[in-house]
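In what follows, a structure is listed as structure tokens, so that the remarks can point back to it.
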Amino acid sequence: MYEQLKVGTWACVDDQCPIRPVVHPEDSAVTLVFGDHNDFELLLSATALQNLLQQGTDALNRLASDHPRNSL
């Protein structure tokens, strides 16, 4: 990757949106593909994926603690 962040569009992902990973072991990276037909692809280095998962886990924990009846 040549830049820290390169963005060409935005996406809104709901509960029904399929997400599939495409692993690139030769680049230590993964592409997350969102959607079936109008795909949105997010390419992440292994470190960026770890950060995303950690931040996502932290966010889920906060959501669960703020709304315990709607536990995720």
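Sum up the charges of everything whose Cβ sits under 14 Å from the Cβ of V33, counting Lys and Arg as +1 and Asp and Glu as -1, but leave V33 out.
-2
Which loop trypsin sites (Lys or Arg not before Pro) in the chain, with loop taken from DSSP, have no more than 13 other Cβ atoms within 10 angstrom of their Cβ?
Qualifying residues, ordered by number: K6.
Would you please name the GluC sites (Glu not before Pro) within the chain that are DSSP coil residues with at most 11 other C-beta atoms within 10 Å of their C-beta?
Here the GluC sites (Glu not before Pro) that fit, given the DSSP loop and packing criteria, are E3.
Hey, what do the phi angles of the stretch 47-55 turn into as Karplus ³J(HN,Hα) couplings, whole Hz, using 6.51/-1.76/1.60 and θ = phi - 60°, x for Gly and Pro?
Those phi angles translate into 5, 5, 5, 4, 5, 4, 5, 5, 5 Hz.
Of the candidates D14, D58, D39, which one comes out as most mobile in a Gaussian network treatment of the chain with C-alpha springs shorter than 10 Å?
D14
Mind checking the per residue accessible area of the stretch 8-63 for me, 1.4 Å probe, whole number of Å²?
Normalised by residue count, the accessible surface of the stretch 8-63 is 80 Å².
Got a number for carbon plus sulfur as a percent of the stretch 20-67's accessible area, 1.4 Å probe?
The nonpolar share, carbon plus sulfur, comes to 55 percent.
One quarter of the convex hull surface, Cα atoms only: what value does that give for the chain in nm²?
Convex hull of Cα atoms, orientation-averaged projection: 6.0 nm².
The values are calculated or read from the model by the stated rules, or taken from the named source; none is laboratory data. All figures in this text were calculated on a predicted structure; none of them were measured in a lab. Heads up, the Cβs are rebuilt from the backbone with ideal geometry, glycines too, and the neighbour counts pull from every protein chain shown. All accessible areas refer to the heavy atoms of the entire protein, side chains included, with ligands and DNA or RNA removed. Shrake-Rupley method; radii C 1.70, N 1.55, O 1.52, S 1.80 Å.
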